[in-house]
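*Asks:* Here it is: the structure, laid out below.
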Amino acid sequence: MKSVDVRSDGSEPQEKIQPAMAACQVADLGIDPLQCVTPQPLDPCTIVIFGASGDLTARKLIPALFNLYRNGWLPDPFRIVGCARTEMDDTEFRAKLEEQLVAGEPSVPSQWKDFASLLHYQSLDYGDINSFIKLAGYLKKLDSERQTGGNRVFYLAIPPMLYETVARHIGKAGLAGENQDGGGWSRIVVEKPFGRDLQTAVTLNRSLRESFEERQIYRIDHYLAKETVQNVLIFRFANSIFEPIWNRRYIKHVAITAAETLGVENRAGYYEEAGVLRDMFQNHMMQLLALTAMEAPPRFETEWVRDEKAKVFRALRPFPVDSIYEHLVSGQYGPGTIDGKPVPGYREEPGVQPDSLTPTFASMRVFVDNWRWQGVPFFLTSGKRLAEKLTEISIQFREIPYSIFRNVFGEEISANRLTLGIYPEEKISLTFQTKNPGAMLRLRPVTMDFRYRQSYRGPALDAYEKVLIDTIRGDQMLFWRQDAVELCWSFLSLILEKCESCGSRQQMLFPYPAGSWGPQAAIELQRP
């Protein structure tokens, strides 16, 4: 089922594919599980992975593709071509991935041998156009032999500094063009970060658009592909009892949290340049904010949904940098204890400068200036080496306007709270007041829980499986659009400039011990 619409950012019309998640209700209805992954047969294609010898390919992409293959969810025919500087042949590439896939496992998973036969490898120099011309010839030969129709996904699992070079060389080698009249499509997948500020984001997009149209560019945010994140829209717009109270009249504040127990690990080179605001806020946190605050689109279609997200970003109140300390708390973890084991502080991590002022924690208060949310604070919090790994959206409702029980319970009656748990528990929880059993009239706060996987026996995709399937399908619903990228960078630019100015960095950085919930100042920020 397809429709055509015009994008709000002024670019060309494009075909829209109805999202798979909108068309599937499994339960016990006897529906083919494959239809709940994709309602239409997938086009034969080749996935070309640049950076195939790297960590992302081994840890995320190949396991995701292998799981899709084992469940019969990949198209047929289908091929994977890995590309990197490392000299290898097909056999060595397959053996390396097998070794990493089964690390810590008692045996090689079944079907690996069949899946491995789909893996190919081409060494290339990212800076040499001749390498890409050679790759183009190899892909054409593979298309002819395997009947993949000339359909290709180019996945950039490489350092961001190589994005522009590789994208340009793909175009110059004639690999970016596509046949709109049936077959031969070409798509490019870009991992975050999408630049490190507004100017670099614009420059990156300009280089991508030299060879690819916007409809061919897939900017991944794997947070959006998490099942419970997708469920936010279903919860809001498929249930009439919640949407009427989803506004400033009933909601006191919203807290969005993405906490990690891990430290910087082996990413010190990247993290020293990025910090928590670039690493988490420009992408993941902003997307969670948009899903929580957006208006209902006219239809559940890709561009309509992305239009409403962009409206949220446009409505963000300019951050008050002149009083920044009243609205933002940043911190850096020191030595502490995680899961009963001592862990080093950020400055003791390998590759980190001993006097580093890079923030590993941030909590900010932002406002969305529109009729629905005027005056409602949104608290966005993310950090490393915190007490537990937790991602959730917490909706704090207002207190009752008048209590008839004040002579019994006093004036204080806890307000209702709705929690959308994303990780580790995928759930929806609602707290409310009831009477405690017994002769006396006493309050008892209770929680009503829905566990996302409860009573569900259908297929489930992890985040990378979902984005890979959607890329092959040509569905951009869960990917960033360039106008949204630029709007978010515009909002954060003044904050970053203030935080990174010489006079502010030391003053604004609060230390906190690993294993805690961050600086005490962050807790104070969220108090009424």
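*Asks:* Quick one: in the stretch 122-155, of everything that is in contact with a Ser or Thr (Cβ under 9 Å, 6 or more places away or on another chain) and among the aromatic types (F, W, Y), which residue is surrounded by the most Cβ atoms within 10 Å (Cβ to Cβ)?
*Replies:* Out of the qualifying residues, it is Y155.
*Asks:* Applying the selection to the stretch 143-155, what residues are in contact with a strand residue (DSSP E or B) (Cβ under 6 Å, 6 or more places away or on another chain) and modelled with pLDDT under 95?
*Replies:* Passing the criteria: R146, T148, N151, R152.
*Asks:* Taking R206 as meeting all but one of (1) over 15 Å from Q476 (Cβ atoms); (2) in a loop (DSSP other than H, G, I, E, B), write down the number of the exception.
*Replies:* It fails just one condition, (2).
*Asks:* If we scan the stretch 284-296, do we find a residue that is over 28 Å from R385 (Cα atoms), surrounded by fewer than 23 Cβ atoms within 10 Å (Cβ to Cβ), touching a residue at least 24 places away in the same chain (Cβ under 8 Å) and among the charged types (D, E, K, R)?
*Replies:* yes
*Asks:* Of the conditions (1) farther than 25 Å from Q526 by Cα; (2) touching a residue at least 60 places away in the same chain (Cβ under 8 Å); (3) touching a Ser or Thr at 6+ places or on another chain (Cβ under 9 Å), G336 fails just one. Which one is it?
*Replies:* Answer for G336: the failing condition is (1).
*Asks:* Quick one: which helices (runs of 4 or more DSSP H) lie wholly within the stretch 452-526 and hold at least 3 residues that are modelled with pLDDT of 80 or more and closer than 21 Å to V305 by Cβ?
*Replies:* Values: elements: 463-473, 482-499, 505-508, 520-525.
Once the helices (runs of 4 or more DSSP H) in the stretch 452-526 are filtered for at least 3 residues that are modelled with pLDDT of 80 or more and closer than 21 Å to V305 by Cβ, what remains is 463-473, 482-499.
*Asks:* Taking the stretch 95-129 on its own, how many of its residues are under 28 Å from G174 (Cβ atoms) and in contact with a Leu (Cβ under 9 Å, 6 or more places away or on another chain)?
*Replies:* Filtering the stretch 95-129 down to residues under 28 Å from G174 (Cβ atoms) leaves 117-129.
Okay, now just the ones that are also in contact with a Leu (Cβ under 9 Å, 6 or more places away or on another chain), so 118-120, 122, 124, 126-127.
Going through the stretch 95-129 one residue at a time, the tally reaches 7.
*Asks:* Looking at the stretch 238-267, which of its residues are under 21 Å from the mean Cα position of the chain (by Cα), farther than 22 Å from L492 by Cα and not in a loop (DSSP other than H, G, I, E, B)?
*Replies:* Hits for the stretch 238-267: nothing passes.
*Asks:* Among I170, I188, I158, which is the only one that is out of contact with any Cys (no Cβ under 7 Å at 6 or more places or on another chain), part of a strand (DSSP E or B) and crowded, with 18+ Cβ neighbours inside 10 Å?
*Replies:* After ruling out the rest, the residue left standing is I188.
*Asks:* Tell me, yes or no, whether the stretch 39-54 has at least one residue that is over 24 Å from E213 (Cα atoms), out of contact with any strand residue (DSSP E or B) (no Cβ under 8 Å at 6 or more places or on another chain), modelled with pLDDT under 90 and part of a helix (DSSP H, G or I).
*Replies:* no
Results for (1) over 28 Å from the mean Cα position of the chain (by Cα); (2) under 19 Å from N151 (Cβ atoms); (3) small (G, A, S), shown as yes or no for each residue.
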| site | (1), (2), (3) |
| --- | --- |
| L61 | no, yes, no |
| Y69 | no, yes, no |
| R79 | no, yes, no |
| G82 | no, yes, yes |
| E87 | yes, no, no |
| R94 | yes, no, no |
| L97 | no, no, no |
| L101 | no, no, no |
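*Asks:* Something else now. Here are the criteria: (1) surrounded by 12 or more Cβ atoms within 10 Å (Cβ to Cβ); (2) in a loop (DSSP other than H, G, I, E, B). Tell me which single one S110 does not satisfy.
*Replies:* (1)
*Asks:* Identify the residue in the stretch 237-253 that is surrounded by 14 or more Cβ atoms within 10 Å (Cβ to Cβ) and among the β-branched types (V, I, T) and, among all such residues, is farthest from V368 (Cα to Cα).
*Replies:* The residue in question is I245.
The values are calculated or read from the model by the stated rules, or taken from the named source; none is laboratory data. Remember, predicted model here, so these are calculated numbers, not experimental data. We place every Cβ from the backbone using ideal geometry, glycine too, and count neighbours over all the protein chains shown.
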